[in-house]
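Working notes, structure below.
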Amino acid sequence: MSEQGDLLQLIIESREQAIRQVETNANPDWKDVAYSTGINLAKSQEYFTSEEIQLNMVRGIETHEPRAMGPVMRRLQKDGVIEATSRFITSIS
């Protein structure tokens, strides 16, 4: 593999490790509520964002790791609940 290919592989592996670490450190109850909220939004809307999940989650359940929404979205996609689109929506917060 070329130096460029090695570097790219290292970047990908580092990103995946960071995502796993974020998911591991997030509040499990928060992750479950975020996932359930994503399922409910998918049933009622054609398109939604991770921010909309956050805005529609039951209040009082928090996580110190807000980046954990990424792994939640990945799980929703892996489970066939959602799929990626080419749409881009600017955050409102």
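Figures for the structure shown
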item: In degrees, nearest ten, helix 3-25 long axis to first principal axis of the chain (Cα); result: 30 degrees
item: The chain, accessible surface, carbon-and-sulfur percent (1.4 angstrom probe); result: 52 percent
item: Cβ-based charge dipole, the chain, positive-most Cα from GLY70, ILE12, SER36; result: SER36
item: Test item: Cα-centred dipole of the chain, Lys/Arg +1 and Asp/Glu -1 on Cβ, debye; result: 220 debye
item: Between helix 69-78 and the chain: long-axis angle, C-alpha atoms, 0 to 90°, nearest 10; result: 90 degrees
item: Backbone N under 15 Å from the GLU83 label point (7 Å along Cα→Cβ), restricted to the range 45-62; result: 46-48
item: On Cα atoms only, tilt of 28-44 relative to the major axis of the chain in degrees; result: 70 degrees
item: Cα shape, the range 12-66, gyration tensor, a/c 1.5 rule; result: oblate
item: Per-residue [θ]222 nm for the chain (sum of -39500 (n - 2.57) over DSSP H runs n ≥ 4, rounded to 500); result: -20000 deg cm²/dmol
item: Estimated inter-spin distance, ARG59 and ASP32, nm [label 7 Å along Cα→Cβ]; result: 2.2 nm
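The values are calculated or read from the model by the stated rules, or taken from the named source; none is laboratory data. Note that the coordinates shown come from a computational prediction; the quantities given were computed from them, not determined experimentally. We place every Cβ from the backbone using ideal geometry, glycine too, and count neighbours over all the protein chains shown. Side chains are part of the model used for accessible areas, which takes the heavy atoms of the whole protein and leaves out ligands, DNA and RNA. Shrake-Rupley method; radii C 1.70, N 1.55, O 1.52, S 1.80 Å.
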